[in-house]
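Please read the structure below before turning to the comments.
The values are calculated or read from the model by the stated rules, or taken from the named source; none is laboratory data. Please read these numbers as outputs of a predicted model, since none were measured by experiment. Note: ideal-geometry Cβ built from the backbone for every residue, glycine included; neighbour counts use all protein chains shown.
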Amino acid sequence: MKVLIASGAAGGTAKGRIGKHLHLKDFGEALVRQNVDYKLVHEIDYVSGFPSKNIKSWFSKKEFHTLISEYRPDVIFCDRQSHFALESIKLKIPTYVYLRGHFWSEIEWAKKTIYKGKLMRWVLEKRKKIANEVFSKCNGIFMTADYLDKVIKEHVPEAKTLHFLEGLDTSRWYPQEGMSLQHPAVGMLHDANWWGKTKEMLVLEDVIQKMPNVHFYWAGDGQYKKPILEKLSQFKNFHYLESLDYPDKVREYLTEIDIYALPTGMDTTPLSCREAMSMKNPVVASKVGGIPEMVADNKTGFLVNEGDADGWIKKLEILVNDETLRNEFGIAGRNRVIEIFNWDKLAKEFIEIVQKPH
């Protein structure tokens, strides 16, 4: 069997946006270990289409068809619901789409915040229409968190949803000489790329103020970083690191922090949190979206209700003052990633699904 993997999803805190592409390569290598051939491509090198800024791509599909005729895939796996997937579906090649988050919520938040103009709102509607067509016509939607099943069915009732967790190669995540941080250090590693998720970081304003002896570090970027930094940078125990080179600087950062924090208003099973767990960091995270499927409350970390600043203070204080518990949670977290987010296990499940008669 030959699997064509099309990488297109942006996001992530890695400079150059290499993080997601790198992990799709890990997925491909896991397929090879199951005697399945794969080819990993950047979808925009072959087809993008309207409303992309590359006008030539609206009309020419030559590169895409050359790719298909030369590689002759049995299955196509796309990590974005866009034109590459649509063209694959048109050719009647079994096409599966990977959905990492609440796509429809992201669209609505974009309309309310950065894209208020009529033109961009129209563009967003076009993107939503393309996505809904992909979701309704593809052979299946692999979900990075099971809570998305209900979300998808609300918007595309006829969609076929499939359980699938994005894996992680834990061999890449090991302790090394850490960067210079002040302790106790609470680290965050995520982008401020849509407001529905990012706004929850504002809960930390009260937390940081009431925990002056704890240092809070944020590594990341995104169009919504300004309103966050305006609030949090007023405190001497808050430190902004911008984006970090991936994976080396990220590994140095995760080696040095004492606790990993994930304050978010909407998320699935974010890659950065699984990387932190792989580095044996105890986690305190918002109890939203798919996070409870990843962070086991009171076992690998603590979950806090949305908007609960007092809850954040209470859970962070417990971990700051209990090194033994931090170590216990950290070890349990890495073991959980190995058990649940194992690429070899997930590759086997993927093959079983796509080989079933349609």
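Out of the residues in the range 19-60 meeting the condition of being part of a helix (DSSP H, G or I) and of a type in the set (A, V, I, L, M), tell me which one is modelled with the lowest pLDDT.
Initially, the range 19-60 is screened for residues part of a helix (DSSP H, G or I), giving 19-32, 43-45, 55-58.
Okay, now just the ones that are also of a type in the set (A, V, I, L, M), so 22, 24, 30-32, 44, 55.
Numbers: LEU22: 83, LEU24: 91, ALA30: 95, LEU31: 97, VAL32: 97, ILE44: 84, ILE55: 58.
Within the range 19-60, the match that is modelled with the lowest pLDDT is ILE55.
For the range 88-192, give me every one of the strands (runs of 3 or more DSSP E) that falls completely inside it and has 1 or more residues that are outside the structural domain of VAL214 (by TED's automatic domain parsing). Please lay out each step first, then the result.
On the way: elements: 95-99, 140-143, 161-163, 185-189.
Result: 95-99, 140-143, 161-163.
Residue-wise test of (1) over 21 Å from the mean Cα position of the chain (by Cα); (2) closer than 28 Å to TRP218 by Cα.
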| position | (1), (2) |
| --- | --- |
| PRO157 | yes, no |
| THR170 | no, yes |
| GLY178 | yes, yes |
| VAL203 | yes, yes |
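Just the residues that are under 30 Å from LYS25 (Cα atoms), in contact with a Leu (Cβ under 8 Å, 6 or more places away or on another chain) and in a helix (DSSP H, G or I), please, taken from the range 314-358.
Hits for the range 314-358 are PHE329, VAL337, ILE340, TRP343, LEU346, ALA347, PHE350, ILE351, ILE353.
Every residue in the range 122-149 that is more than 19 Å from the chain's Cα centre (by Cα) and among the charged types (D, E, K, R), please.
Of everything in the range 122-149, those that are more than 19 Å from the chain's Cα centre (by Cα) and among the charged types (D, E, K, R) turn out to be GLU125, LYS126, ARG127, LYS128, LYS129, GLU133, LYS137.
Got a number for residues in the range 219-231 being in contact with a helix residue (DSSP H, G or I) (Cβ under 8 Å, 6 or more places away or on another chain) and over 16 Å from GLY265 (Cβ atoms)?
Number satisfying all stated conditions: 1.
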